[in-house]
Amino acid sequence: MAVIETRGLTKEYGDVTAVTDVDLTVEDGDIHGFVGHNGAGKTTTMQMLTGLVTPTRGEVYIGGDPAGTRAATERIGYAPQDPTFYESMSGRDYLAYMGKLSAVDGSARDRADELLARLDLTEAADQAVGGYSGGMLRRLAVGQAMLGDPELLILDEPTAALDPEGRAMIIDALETLTDEGTTVFVSSHVLTELEQFIDTVTFLKQGQVVTSGPLEEVLSSTAAERYIVDASDNDRLAALLAEQESVSGIDRDDEGALAVTTDDSEAFAVELPRVLSDANLGLYSVDREGGLEERFLDILGDEGEE
């Protein structure tokens with residue numbers, strides 16, 4: 001079942017079009033990555049999904065209900081890119097208060113304590129939110145989004161300002177939630193990290209969808225791949241690899257290792273160890289380049305948008 005479905009979603013602000021004809025489907029239980037430069041329209045799209053912004057044209061459905069309706073809103077937990085809090089309240093009191101406003105089932109304070117523990121905020125639970133670091137505030141925002149045990153989490157840059165341990169904690173929490181059936185729609189600029197836990201991805205450029213689908217399909221749509229190979233005799237290995245049908249190009253990186261381009265990674269994976277063995281060469285390392293970050297640059301370019 002589609003938890004998110006948009007058709008021709010468009011938002012205009014006067015003469016400026018922020019989002020244009022976005023068609024998007026996210027299935028139940030997926031972790032969906034939403035990727036694009038600053039200014040690409042990601043936040044505007046997320047706000048239309050939550051009902052905070054009304055589309056100029058198009059349709060948005062959350063679990064089959066129009067976005068902004070009570071039925072749709074009750075399904076959503078949302079953490080914005082720049083969350084705000086009652087800074088005089090403690091973390092525990094803030095989550096308990098927001099839990100009561102959200103009509104959380106059971107004890108709102110117990111739910112607050114559960115989330116504080118999951119997000120490693122227990123020691124700071126009784127401190128005023130105004131004294132929290134940026135990373136602590138980010139985790140608190142994610143905790144607020146999780147309060148009502150929503151069917152859909154919409155998270156705008158949830159790992160921004162977090163250290164590696166904090167990011168790992170958020171990722172672990174998201175993966176646990178999807179194992180329990182929650183759908184997650186998440187934007188992030190840390191693409192190497194995002195790649196590790198998302199199932200599907202959408203690339204947005206200047207408010208328009210450039211590509212969308214399962215992560216493996218989006219990554220595999222680039223024909224050529226590069227491998228960085230370092231062996232006991234790179235000069236000799238370069239000459240031997242140049243004779244292989246799967247190899248379309250060989251360069252050197254800054255450390256003298258071989259940067260091998262192949263149009264057939266499966267064939268190269270067979271040919272490389274055979275060539276090394278036949279030539280009695282030792283292999284120090286082999287690393288595949290590419291992934292979501294390289295695909296991002298390939299599709300969207302390396303310059304930000306206005």
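Numerical summary
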quantity: Scope the stretch 110-131; condition farther than 18 Å from A173 by Cβ and surrounded by 14 or more Cβ atoms within 10 Å (Cβ to Cβ); matching residues; calculated: Q127, A128, V129
quantity: Conditions (1) surrounded by 12 or more Cβ atoms within 10 Å (Cβ to Cβ); (2) without any contact (Cβ under 8 Å) to a residue 40 or more places away in the chain; (3) within 28 Å of V201 (Cβ to Cβ); number of the one not met by E216; calculated: (1)
quantity: Qualifying residue in the stretch 279-290 (condition: modelled with pLDDT of 85 or more, exposed (fewer than 14 other Cβ atoms within 10 Å of the Cβ) and not small (G, A, S)); calculated: yes
quantity: Those strands (runs of 3 or more DSSP E) lying entirely in the stretch 176-236 with at least 2 residues in contact with a Leu (Cβ under 8 Å, 6 or more places away or on another chain) and farther than 25 Å from D253 by Cβ; calculated: 183-187, 200-205, 208-214
quantity: Residues that are part of a loop (DSSP other than H, G, I, E, B) and of a type in the set (A, V, I, L, M), drawn from the stretch 47-98; calculated: L52, V53, A67, M89
quantity: Subset tally (residues that are open to solvent by 50 Å² or more (accessible area, probe 1.4 Å) and touching a residue at least 40 places away in the same chain (Cβ under 8 Å)) for the stretch 190-208; calculated: 5
quantity: Unmet requirement for S107, which otherwise passes all of (1) open to solvent by 60 Å² or more (accessible area, probe 1.4 Å); (2) free of Cβ contacts under 8 Å to residues at least 12 places away in the same chain; calculated: (1)
quantity: Residue match in the stretch 151-166 (condition: touching a residue at least 60 places away in the same chain (Cβ under 8 Å), out of contact with any helix residue (DSSP H, G or I) (no Cβ under 7 Å at 6 or more places or on another chain) and open to solvent by 30 Å² or more (accessible area, probe 1.4 Å)); calculated: yes
quantity: Count of the stretch 92-137 residues which are among the charged types (D, E, K, R), more than 24 Å from A160 (Cα to Cα) and within 27 Å of the chain's Cα centre (by Cα); calculated: 1
quantity: When residues of the stretch 32-83 are limited to those that are under 22 Å from the mean Cα position of the chain (by Cα) and of a type in the set (K, R), the one nearest to S102 (Cα to Cα); calculated: R75
quantity: Residue among D110, D105 that alone is over 25 Å from G134 (Cβ atoms) and in a helix (DSSP H, G or I); calculated: D110
quantity: All positions within the stretch 261-279 that are β-branched (V, I, T) and either in a helix (DSSP H, G or I) or in contact with a His (Cβ under 7 Å, 6 or more places away or on another chain) (or both); calculated: V270, V275
quantity: Residue identified as surrounded by fewer than 23 Cβ atoms within 10 Å (Cβ to Cβ), closer than 27 Å to G181 by Cα, touching a Pro at 6+ places or on another chain (Cβ under 8 Å) and modelled with pLDDT of 95 or more among E59, E27; calculated: E59
quantity: Any hit, the stretch 170-181, residues being under 20 Å from M98 (Cα atoms), open to solvent by 40 Å² or more (accessible area, probe 1.4 Å) and in contact (Cβ under 8 Å) with a residue 12 or more places away in the chain; calculated: no
quantity: Residues satisfying the stated conditions in the stretch 219-246, i.e. open to solvent by 70 Å² or more (accessible area, probe 1.4 Å) and of a type in the set (D, E, K, R); calculated: R226, D235, R236, E243, E245
quantity: Residue among T10, T20, T6, T44 that alone is closer than 27 Å to I171 by Cα, assigned to a strand (DSSP E or B), at pLDDT 95 or above and not small (G, A, S); calculated: T6
quantity: Complete set of residues in the stretch 150-166 that are closer than 22 Å to I4 by Cα, in a loop (DSSP other than H, G, I, E, B) and not charged (D, E, K, R); calculated: P150, P158
quantity: From G39, G51, G8, G14, residue being touching a helix residue (DSSP H, G or I) at 6+ places or on another chain (Cβ under 8 Å) and surrounded by fewer than 20 Cβ atoms within 10 Å (Cβ to Cβ); calculated: G51
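The values are calculated or read from the model by the stated rules, or taken from the named source; none is laboratory data. Given the structure is predicted, the values throughout are model-derived calculations rather than measurements. Cβ atoms come from the backbone with ideal geometry, glycine included; neighbour counts cover every protein chain shown. SASA here: full protein model, heavy atoms, side chains in, ligands and nucleic acids out. Shrake-Rupley method; radii C 1.70, N 1.55, O 1.52, S 1.80 Å.
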